[in-house]
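Some notes on the structure that comes next.
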Amino acid sequence: MIDATVPALRIQNVVATVRVATVLNLDELAERIPGAEYDKTKFPGLVLRLSSPKVAALVFTPGKIVLTGMSHPDVLPAAFSSVLEALRAAGAELEPFDPPRVVNIVSSGNFGDGVALQRFAIAMNLEHIEYEPEQFPGLVYRVADPKGVALVFGSGAFVITGARTEDQAARLTAVIKDAIDQAGAWIPA
């Protein structure tokens, strides 16, 4: 159960991957799929931008597809289906494949109070923390369990990345909130 004191998260991006072939001819696919972008001198993959559902698919020669830009994990089946439809219509020879899997959910939220980032970094003995305010205005906190990364800002805003499920993102948020609590690093709003 998620702690009620943990702030709500807003999903910003969902990334999923799947392998559908051993080899794909990206030059041919780029010619046959309307709107496909492929310039191997700039990027090694074919880019398909779909409008419904809104998603970008990066298709690579070894048959790997990366779906990105999804607003929620529930969008994945429809997005993947649309990409498969475009590839099949273009004559791509697909092989049996496992379902795509979510590899990253990027979420954001706000704790409601500010965070004294330097105090937090010192209290954590800089363990799992990167904080260089002259380079970046936030603190990077790498959490081992559950695995993920948080960007925490002095305003109390934060970004969670590396989670594979919404529950994992919520658990990461709780771990970070607890660490800030223990550090006594809150700045009342």
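The values are calculated or read from the model by the stated rules, or taken from the named source; none is laboratory data. Since the model is a prediction, treat every value here as computed from it, not as a measurement. All Cβ positions, even for glycine, are placed from backbone atoms using ideal geometry, and neighbour counts span all protein chains on display.
Filtered by the rule that a residue be crowded, with 16+ Cβ neighbours inside 10 Å and of a type in the set (D, E, K, R), segment 149-189 gives Arg164, Glu166, Arg171, Lys177.
The listed residues are Ala92, Ala79, Ala121, Ala116, and the only one of them that is in the same structural domain as Phe158 (by TED's automatic domain parsing) and touching a Leu at 6+ places or on another chain (Cβ under 8 Å) turns out to be Ala121. Tell me, yes or no, whether segment 109-124 has at least one residue that is on the phi > 0 side of the Ramachandran plot and modelled with pLDDT under 95. Checking segment 109-124: at least one residue is on the phi > 0 side of the Ramachandran plot and modelled with pLDDT under 95.
Residue check: Val106 meets all listed conditions (1) over 16 Å from the mean Cα position of the chain (by Cα); (2) β-branched (Val, Ile, Thr); (3) buried (at least 16 other Cβ atoms within 10 Å of the Cβ) but one, namely (1). Just one of the numbered conditions (1) touching a strand residue (DSSP E or B) at 6+ places or on another chain (Cβ under 9 Å); (2) more than 25 Å from Arg164 (Cβ to Cβ) is not true of Arg49: (2). Is it fair to say Val106 is under 14 Å from Val18 (Cβ atoms), touching a residue at least 12 places away in the same chain (Cβ under 8 Å) and not hydroxyl-bearing (Ser, Thr, Tyr)? Criteria not met by Val106. From the set of residues in segment 111-136 that are in a strand (DSSP E or B) and buried (at least 16 other Cβ atoms within 10 Å of the Cβ), which is nearest to the chain's Cα centre (by Cα)? Only one residue tops the list, namely Ile129. Restricting to segment 137-180, name every residue that is outside any strand (DSSP E or B) and of a type in the set (A, V, I, L, M). Once the filter is applied, which keeps residues that are outside any strand (DSSP E or B) and of a type in the set (A, V, I, L, M), segment 137-180 yields Ala144, Ala169, Ala170, Leu172, Ala174, Val175, Ile176, Ala179, Ile180.
For first residues located in segment 4-31 and closer than 21 Å to Phe111 by Cβ and polar (S, T, N, Q), partners that are modelled with pLDDT of 95 or more and loosely packed, with under 14 Cβ neighbours inside 10 Å and lie 6+ apart or on another chain with Cβ distances below 6 Å do not occur.
Within segment 82-103, restricting attention to residues that are of a type in the set (Asp, Glu) and under 26 Å from the mean Cα position of the chain (by Cα), the residue that is nearest to Pro188 (Cα to Cα) is Asp98.
Determine whether segment 59-71 contains at least one residue that is surrounded by 14 or more Cβ atoms within 10 Å (Cβ to Cβ), more than 22 Å from Thr161 (Cα to Cα), touching a helix residue (DSSP H, G or I) at 6+ places or on another chain (Cβ under 8 Å) and of a type outside the set (Phe, Trp, Tyr). Yes, the conditions are met somewhere in segment 59-71.
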